[in-house]
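Novice: Pasting a structure here, questions to come.
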Amino acid sequence: MGLTQLIILSLIQVSWATALPTGQQTSSTPLLCSTDSRQIAVNASNNATWPWQTYRSSTAQPPALLINKTGDPLYDGLIIFATENGGTPAAEQESPYIFNDEGELVWSGPVDITYNVRIQTLNSAPVLTYWSGQGTAGEAAIAGHGYGKFIILDTSYNVIHTVSTNLNITLPPGVVTKSALDLHESYITPRNTLLVSAYNTTPADLSSIGGPKNGWVLDSLAVELNITTGEVLFSWSSLDHLPLNKSKEPLGHSGSNATAPYDFFHINAIQPVGDNYLINSRHYWASFLVNPKGKVLWELNGYDGGDFGNLPEGGTFSWQHFARLQEINSSAALIHWFANNNALALDAPIPSTGLTLQVTIPPNKASPPKLITNFTNPQNPVAAYSQGSFSYLPNGNGFLAYGSNAVLAEYGPVSETNSTEGQVRWSAQLGYGESLSVYRGYKSVWHATPSTEPSLVVLSAKDVQNDDLALCAGTSTMRGFVSWNGATDVTDWIVYTGSNNTTLTAVGRVNKAGFETQFAIPAGAAFVQIGAVENNSNFVARRSSIVKIGGSS
């Protein structure tokens, strides 16, 4: 099996758990028969679509995750990513998603082109953020960036900010957009500002690298914005500060006109480091520390180490993404990347890794970098030709998203393996090869109570194919299906029924099972409503609309 595939060890199985009492039960609210109602859909006629999950109370159609796990401790968080189709089998629905590590959906966002969905902090409060817009495609020179806006949601999934600005940059011919924020980076800083990437179509003299004197480039910009006003607080131009001849990206046929400008730098990550900025360049194979005036303070590259001296064995990298620096003390720091190590589909691809180097600060070539991690799975290595991310989790595990190869993986700490490669404790696959991309993936703590109401659908048991409640439903002939998109802390559902819609009584309690829970509605009910219980309490956080049995709400 090639590097671009993982051996599929197990397809997520829908587990029909026996309902057990949770919280305080009373005689007036007995535990009702219930189960996880998720179904896995497969396109039987062709291989055009990756298997997806379906529900009756929601239109969400997220990909089915192929899960493999060892049973070793995982970080207790939720998995966050967005899908982008690139071939077949494609995702049934392109959206931003939140899952748990059992592959159950938690939240499905808008059906749209989105990137870099993640949890961040704004004004000391957790927020969910993502980029939305139009990506670019075509020749390598112009593919791989985008133009769009940045959206911030609160813990009720209300939009609290939309950052949209044209940045007064020049767009390629034919591109029309109200906002020019690039898809690669959208980082909320500790000072509650926003770091974004952008690409400016700019005239440039390319004669020094064999191109036209009156040529064109994509000038990578690192920009800091006021989130509320959109005011530009800082802007850095790669063209103004770095020579073109250090780029590892071939000029090829690009650069002769504004339609196909030369993407010599390709910015894909920005991080605040004190008052400075860490800026990553895919096409220079390098990360740069830049001060507030735009001066490059140091360079760490993947071939000779730049200002830091010779790289250790296993410490070289190329075409990398997601540079992040973590200071250890005043004289040392850890810097890590998702090291793609590939740019094109090769006959002998190189495994992509989660690379960490310990470096001396300020740089000292007499004290060169040390290799800390090179997370990879030798049994099933994965090569990503573009995109990708690598984050450290608070428990010491590492979390990787393999970009253009739709694989996610959680590795245990290298300290427990005596190897810089680490050990895969959990992995998920949601596509083959280049058919589906996950630009970045995260695992984070997130607690949310949606401002919307739970969704309830009622069907006759005879209309439910393969009714899994038939053996426990007794005389019940109706089935309820309930979900609450984005709710993270629901543990139970209270079922209310009545002969009319004004006098409903609590008649039972249902254990929440998966994203959507199917339950048996007690016989004789004419109307039904559901109430969400969070954290095993007896408090109903929110109720659904009332549904008439055999009719509409």
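Novice: Across region 332-349, which residue is surrounded by the most Cβ atoms within 10 Å (Cβ to Cβ) among those that are farther than 16 Å from Ala401 by Cα and either among the β-branched types (Val, Ile, Thr) or at pLDDT 95 or above (or both)? Reasoning before the result, please.
Specialist: Taking region 332-349 as the starting set, the residues that turn out to be farther than 16 Å from Ala401 by Cα are 332-335, 343-349.
Next, only the ones that are either among the β-branched types (Val, Ile, Thr) or at pLDDT 95 or above (or both) stay: 332-335.
Values: Ala332: 13, Ala333: 16, Leu334: 17, Ile335: 25.
Ranking the qualifying residues of region 332-349, first place goes to Ile335.
Novice: Is there any pair with a first residue in region 110-127 that is farther than 25 Å from Tyr147 by Cβ and a second that is outside any strand (DSSP E or B) whose Cβ atoms are under 6 Å apart and which are 6 or more apart or on different chains, and what are they?
Specialist: Asn123/Asn192
Novice: Could you tell me whether region 306-318 includes any residue that is under 27 Å from the mean Cα position of the chain (by Cα) and surrounded by 24 or more Cβ atoms within 10 Å (Cβ to Cβ)? I'd like the intermediate steps shown before the answer.
Specialist: Taking region 306-318 as the starting set, the residues that turn out to be under 27 Å from the mean Cα position of the chain (by Cα) are 315-318.
Filter once more, so that each one left must be surrounded by 24 or more Cβ atoms within 10 Å (Cβ to Cβ): 317.
Among the residues of region 306-318, at least one is under 27 Å from the mean Cα position of the chain (by Cα) and surrounded by 24 or more Cβ atoms within 10 Å (Cβ to Cβ), which makes the answer yes.
Novice: Related question: Taking only pairs six or more apart or across chains, which ones have beta-carbon atoms under 7 Å, a first residue in region 155-168 that is without any contact (Cβ under 8 Å) to a residue 60 or more places away in the chain and more than 14 Å from Trp131 (Cα to Cα), and a second residue that is in a loop (DSSP other than H, G, I, E, B) and among the hydrophobic types (A, V, I, L, M, F, W, C)?
Specialist: That search, which allows pairs on different chains as well, returns Asn166/Ala180.
Novice: Moving to a separate point now. I'm trying to understand the selection: among the residues of region 156-195, which are within 17 Å of the chain's Cα centre (by Cα) and more than 28 Å from Gly215 (Cβ to Cβ)?
Specialist: Once the filter is applied, which keeps residues that are within 17 Å of the chain's Cα centre (by Cα) and more than 28 Å from Gly215 (Cβ to Cβ), region 156-195 yields Tyr157, Ser186, Tyr187, Ile188.
Novice: Let me ask you something else. Find the strands (runs of 3 or more DSSP E) located wholly in region 426-489 whose residues include 3 or more that are under 29 Å from Gln120 (Cβ atoms) and modelled with pLDDT of 95 or more, and list them. Don't jump to the end; show me each part of the working.
Specialist: On the way: elements: 441-444, 455-460, 478-483.
Correct list: 441-444.
Novice: Something else now. Scan region 496-553 residue by residue and report those that are of a type in the set (Asp, Glu) and either part of a loop (DSSP other than H, G, I, E, B) or within 12 Å of Gly480 (Cβ to Cβ) (or both). Spell out the reasoning first.
Specialist: Residues of region 496-553 of a type in the set (Asp, Glu): 516, 534.
Answer for region 496-553, where residues must be of a type in the set (Asp, Glu) and either part of a loop (DSSP other than H, G, I, E, B) or within 12 Å of Gly480 (Cβ to Cβ) (or both): just Glu516.
Novice: Right, something else. Given the conditions (1) aliphatic (A, V, I, L, M); (2) modelled with pLDDT of 95 or more; (3) not in a strand (DSSP E or B), report the number of the one that Val175 does not fulfil.
Specialist: With respect to (1) aliphatic (A, V, I, L, M); (2) modelled with pLDDT of 95 or more; (3) not in a strand (DSSP E or B), Val175 is out only on (2).
Novice: Right, another one. Has region 47-65 got at least one residue that is among the aromatic types (Phe, Trp, Tyr) and under 23 Å from Leu153 (Cα atoms)?
Specialist: So the first thing to find is which residues in region 47-65 are among the aromatic types (Phe, Trp, Tyr), and the list is 50, 52, 55.
Retained after the next criterion (residues that are under 23 Å from Leu153 (Cα atoms)): none.
No: zero hits.
Novice: What pairs come out if I take residues in region 516-544 that are surrounded by 16 or more Cβ atoms within 10 Å (Cβ to Cβ) and pair them with residues that are part of a loop (DSSP other than H, G, I, E, B) and acidic (Asp, Glu) whose C-beta lies under 8 Å away, six or more apart or interchain?
Specialist: Gln518/Asp468; Glu534/Asp489; Arg542/Glu453; Arg543/Glu453; Ser544/Glu453
Novice: Tell me the residue from Ala383, Ala366 that is among the aliphatic types (A, V, I, L, M), surrounded by fewer than 17 Cβ atoms within 10 Å (Cβ to Cβ) and not in a strand (DSSP E or B), please. Let's see the steps before the verdict.
Specialist: Values: Ala383 fails: surrounded by fewer than 17 Cβ atoms within 10 Å (Cβ to Cβ).
Unique residue meeting the criteria: Ala366.
Novice: Taking region 78-97, which residues are within 13 Å of the chain's Cα centre (by Cα), of a type in the set (Gly, Ala, Ser) and within 21 Å of Leu400 (Cβ to Cβ)? Steps first, please.
Specialist: Going through region 78-97, the residues within 13 Å of the chain's Cα centre (by Cα) turn out to be 78-84, 94-97.
Now drop any that are not of a type in the set (Gly, Ala, Ser), which leaves 82, 95.
Listed by number, the list holds a single entry, Ala82.
Novice: All but one of (1) under 23 Å from Pro96 (Cβ atoms); (2) within 23 Å of the chain's Cα centre (by Cα); (3) in contact (Cβ under 8 Å) with a residue 40 or more places away in the chain hold for Ala222; state the number of the condition that does not hold.
Specialist: (1)
The values are calculated or read from the model by the stated rules, or taken from the named source; none is laboratory data. Keep in mind the model is a prediction, meaning the values are calculated, not measured. Note: ideal-geometry Cβ built from the backbone for every residue, glycine included; neighbour counts use all protein chains shown.
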